Each structure stands twice: as C-alpha cells, then as structure tokens.
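Below: one structure, written as structure tokens.
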Ligand code: S3P
C-alpha cells in the first residue's frame, strides 16, 4: 500500500557513485511509480552526453539546464527522481525539492564511491590528474550540504540494491 502514501516525488541525492540511479530505479519498481533520472533526461533532450555538454557549453550551462529539468520533473505525478550529484548544492534546487518532493541522501564513504566510479569515464568533474583526491575534495565540500536532505541512508559495500530499497522505505 506504499503507492497510496506517496504524495510527493522521492528525490535521490548524494555523490556520484552513491547509487542514486540504481537504488532509485529499484525503489520506483518496488513502489510501482515512475522512475526518472535528471541526467538521463538532459542527455535525451540535448542528444549529447553529460561530458559533451560540460565540454561544449560549460558547467554553468549544464547546471541551468539541470535546474529546469528538475523543476519540470517535480511537476509530474509522484515518482522517484534521481538527480546528478551536484544538483542538491544549489539553493534554488534544494528549495524546490524541499517544497515539491522529499529528498533522500544516499551516503557512502569515499572508498566505496571511488571503487564504483574509478573505471568510468562518464564523470567530467573527475577528469583531473588525481581523480581520487578530487573525489575526496568534492566529498568534503559537499557533505554538510547533502546533510540538509530530509532523510539519509548509508550505503555499504555489503548492501545489495534491494537492501538499500528496504532502508529507504524504512526511513
Ligand atoms: C555531477 C554528477 C553527475 C553528473 C555530472 C555532475 C556532480 O551525476 O550530473 O557529471 O556534480 O557530482 P551522478 O551523480 O549521477 O554521477
């Protein structure tokens, strides 16, 4: 009967590699509601990868489009919305997510995040000479902002996606 109580969209926030898309997809399936991913919506609308958008138009352009997409998605019927890792940092995004949704932070330590993102080329922010150190820096800066989410769930290497879904629902 969980669908009956889902009055607002559940918005997954947190670092790249925390599992927002994987857990969000499974959560939506469990609840029987639509799943949407703001990065995927942007890629679809622009016909470019996230890395290409950053490269061609810059991060600020990406952030502005991201805000538009999240606003539009929050107007849809309640579902699960997975956001890009930087989305929750902008005050205007936090405000609309707070007003029109319920935010769930997927937290994970840097070790786990790094293990998940190190082989992927899709994250433009990690294209530095020392991506692991960059990830750590980003994490340290963002942690206090992510902590403003309505709910938080800790990811651990031993938790399967289904365990994470259980924890989000419990929270
Ligand atoms: C970003 C995270 C990415 C994507 C973009 C910027 C960030 O999304 O939106 O590369 O600032 O943390 P994921 O969190 O899905 O990797």
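Some observations on this one:
- Among (1) more than 21 Å from residue 152 (Cα to Cα); (2) surrounded by 19 or more Cβ atoms within 10 Å (Cβ to Cβ); (3) in contact (Cβ under 8 Å) with a residue 60 or more places away in the chain; (4) near the ligand (Cβ under 9 Å from one of its atoms), the one test that residue 42 misses: (3)
- Of all residues in the stretch 1-25, none that is farther than 17 Å from residue 152 by Cβ has its Cβ atom under 6 Å from the Cβ atom of a residue that is assigned to a strand (DSSP E or B) and at pLDDT below 95, 6 or more apart or on another chain.
- Candidate set from the stretch 27-39 (those that are in a helix (DSSP H, G or I) and within 14 Å of the ligand (Cβ to nearest atom)); member that is surrounded by the fewest Cβ atoms within 10 Å (Cβ to Cβ): 39
- Members of the stretch 84-93 that are in a helix (DSSP H, G or I) and either touching a helix residue (DSSP H, G or I) at 6+ places or on another chain (Cβ under 6 Å) or within 18 Å of residue 40 (Cα to Cα) (or both): 87, 88, 89, 93
- Filtered by the rule that a residue be under 18 Å from residue 166 (Cβ atoms) and near the ligand (Cβ under 10 Å from one of its atoms), the stretch 6-20 gives 12, 14, 18, 19, 20.
- Note on the stretch 104-124: among residues that are part of a loop (DSSP other than H, G, I, E, B) and free of Cβ contacts under 8 Å to residues at least 60 places away in the same chain, the one that is farthest from the ligand (Cβ to nearest atom) is 109.
- Residue satisfying all of: in the stretch 54-83; more than 15 Å from the chain's Cα centre (by Cα) and part of a loop (DSSP other than H, G, I, E, B); nearest to residue 105 (Cα to Cα) among these: 78
- Of 50, 70, all but one fail to be within 25 Å of residue 171 (Cβ to Cβ) and either touching a residue at least 24 places away in the same chain (Cβ under 8 Å) or within 13 Å of the ligand (Cβ to nearest atom) (or both); the exception is 70.
- The set of residues from the stretch 111-124 being in contact with a helix residue (DSSP H, G or I) (Cβ under 9 Å, 6 or more places away or on another chain) and surrounded by 17 or more Cβ atoms within 10 Å (Cβ to Cβ) comprises 113, 114, 117, 123.
- Applying the set (1) surrounded by 15 or more Cβ atoms within 10 Å (Cβ to Cβ); (2) in a loop (DSSP other than H, G, I, E, B); (3) without any contact (Cβ under 8 Å) to a residue 60 or more places away in the chain; (4) within 15 Å of the ligand (Cβ to nearest atom) to residue 159 leaves exactly one unmet item: (4).
- Candidates 101, 24, filtered to the one that is crowded, with 19+ Cβ neighbours inside 10 Å, at pLDDT 95 or above, on the phi < 0 side of the Ramachandran plot and away from the ligand (no atom under 13 Å from the Cβ): 101
- Which numbered condition residue 134 misses (of (1) within 13 Å of the ligand (Cβ to nearest atom); (2) surrounded by fewer than 19 Cβ atoms within 10 Å (Cβ to Cβ); (3) over 23 Å from residue 45 (Cα atoms); (4) in contact (Cβ under 8 Å) with a residue 40 or more places away in the chain): (4)
The values are calculated or read from the model by the stated rules, or taken from the named source; none is laboratory data. Just so you know, these numbers come straight off a predicted model, no measurement behind them. Note: ideal-geometry Cβ built from the backbone for every residue, glycine included; neighbour counts use all protein chains shown.
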